[in-house]
Amino acid sequence: MILEPIAFWGLAVVLLASALAVVLTRNLFHSVLYLALMLTATSGLFLSLDAEFLAAVQLLLYAGGVVTIAVFAIVVTERLVAHRITQSSRQIFTGFIISAALLVALLVVFRRAPLTISRPAVTEELTAAIGESLLTTYVLPFELLGVLFLAGLLGALYFARPDD
């Protein structure tokens, strides 16, 4: 039981540090790598909550798929414009003020909400219920998302091919 808080706080520190690095890093490629670290730490948090399916989806779709597509986009865009792309945080002070206000609002809401002492037990097989809903109720959005990912991958491959 003592390892759960240590795992949570360790993953939370990695998550917050990598999220800050995503925003504050000037090199866009390094920013995407920090995004991959952030999404992997989020997957670790899902594992600590006994949500194995969501952790796997987080790793496969987001840390694997979305980050790969972002890397393709950076490489293709740098090739098309023929110079290295850097990101700039011009509104960092405004973003800091808005983030601080949001943090205060969340803390006020969480202080007023009653918190349970122990986590409720999972009563049914969660992975089976998610899989059943994905393949029955949400089959059309699920398939359209697959087609969208395929179109993005084909577009990246088209632009990344060598000029003849």
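The values are calculated or read from the model by the stated rules, or taken from the named source; none is laboratory data. Everything numeric in this text was worked out from a predicted model, so none of it was measured. Counting neighbours? That spans all protein chains shown, and the Cβs are built from the backbone with ideal geometry, glycine included. For the accessible areas, the whole protein counts, side chains as well, though only heavy atoms, and no ligand, DNA or RNA atoms are used. Shrake-Rupley method; radii C 1.70, N 1.55, O 1.52, S 1.80 Å.
Quick look at the numbers
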{"quantity": "Total residues in segment 20-57, condition open to solvent by 60 Å² or more (accessible area, probe 1.4 Å), of a type in the set (Ser, Thr, Tyr) and not in a helix (DSSP H, G or I)", "calculated": "0"}
{"quantity": "Top-ranked residue of segment 43-81 - restricted to ones that are under 22 Å from Ala129 (Cα atoms) and of a type in the set (Ser, Thr, Tyr), ranked as modelled with the lowest pLDDT", "calculated": "Tyr62"}
{"quantity": "Filtered residue count, segment 4-60, keeping only those that are among the acidic types (Asp, Glu) and over 30 Å from Ser118 (Cβ atoms)", "calculated": "0"}
{"quantity": "The lone exception for Leu106 - which of (1) modelled with pLDDT of 80 or more; (2) open to solvent by less than 60 Å² (accessible area, probe 1.4 Å) it fails", "calculated": "(2)"}
{"quantity": "Segment 1-47, residues that are under 19 Å from Ser99 (Cα atoms) and in contact (Cβ under 8 Å) with a residue 12 or more places away in the chain", "calculated": "Ala12, Val14, Leu15, Ser18, Ala19, Ala21, Val22, Val23, Leu24, Thr25, Leu35, Met38"}
{"quantity": "Selection status of Leu145, at pLDDT 85 or above and either surrounded by 12 or more Cβ atoms within 10 Å (Cβ to Cβ) or basic (Lys, Arg) (or both)", "calculated": "yes"}
